[in-house]
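The values are calculated or read from the model by the stated rules, or taken from the named source; none is laboratory data. In this text the structure is predicted, and so the values were computed from the model without any measurement. Every residue, glycine among them, receives a Cβ derived from its backbone with ideal geometry; neighbour counts consider all protein chains shown.
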Amino acid sequence: MFTKIMKWLSIAALLLAALLRPSGGYQVLLQFVVCVTALMVVTQAIRTHKYFLVPAFVAIAVLFNPVVPVLLSRKTLLWLDWVCLMTFLVSLAALRWQPALTIPSITSQLRRSKSL
């Protein structure tokens, strides 16, 4: 649930950065939020065995790294904001949390678990 909240926070921050001209302080905050969220998505993708998302979010984490910032032109940053925003939206759909199946019971009338 926390990862989903962070994804929506990153989407909102990227949308604001794409629509408005961010100042220096906001740019550092944007980099931090997006980098941390990208690393959280990487761990979520590895846990759910969706390895096709890992390289994209590692690249996002490197590009939005607040410790060693990557200097790009304003036009490239604007394009990158939109691409990252779409990538986070894709991750919301692709990495849905699935509840663990219950152990089947002989007495239970519910059929919410797969048979062994």
Practice task
Can you run down the residue pairs with Cβ atoms below 8 Å, 6 or more apart or on separate chains, where the first is in segment 38-51 and closer than 15 Å to Thr87 by Cβ and the partner is surrounded by 12 or more Cβ atoms within 10 Å (Cβ to Cβ) and aromatic (Phe, Trp, Tyr)?
Solution key: Ala38/Phe57; Ala38/Phe64; Leu39/Phe57; Val41/Phe57; Val41/Phe88; Val42/Phe57; Ala45/Phe57
Problem - In segment 81-106, residue modelled with the highest pLDDT [restricted to those that are closer than 23 Å to Leu30 by Cβ and among the polar types (S, T, N, Q)] - result: Thr87
Handout entry: Every residue from segment 20-64 that is of a type outside the set (A, V, I, L, M, F, W, C) and farther than 19 Å from Trp8 by Cα
Key = Arg21, Ser23, Gly24, Gly25, Arg47, Thr48, His49, Lys50, Tyr51, Pro55
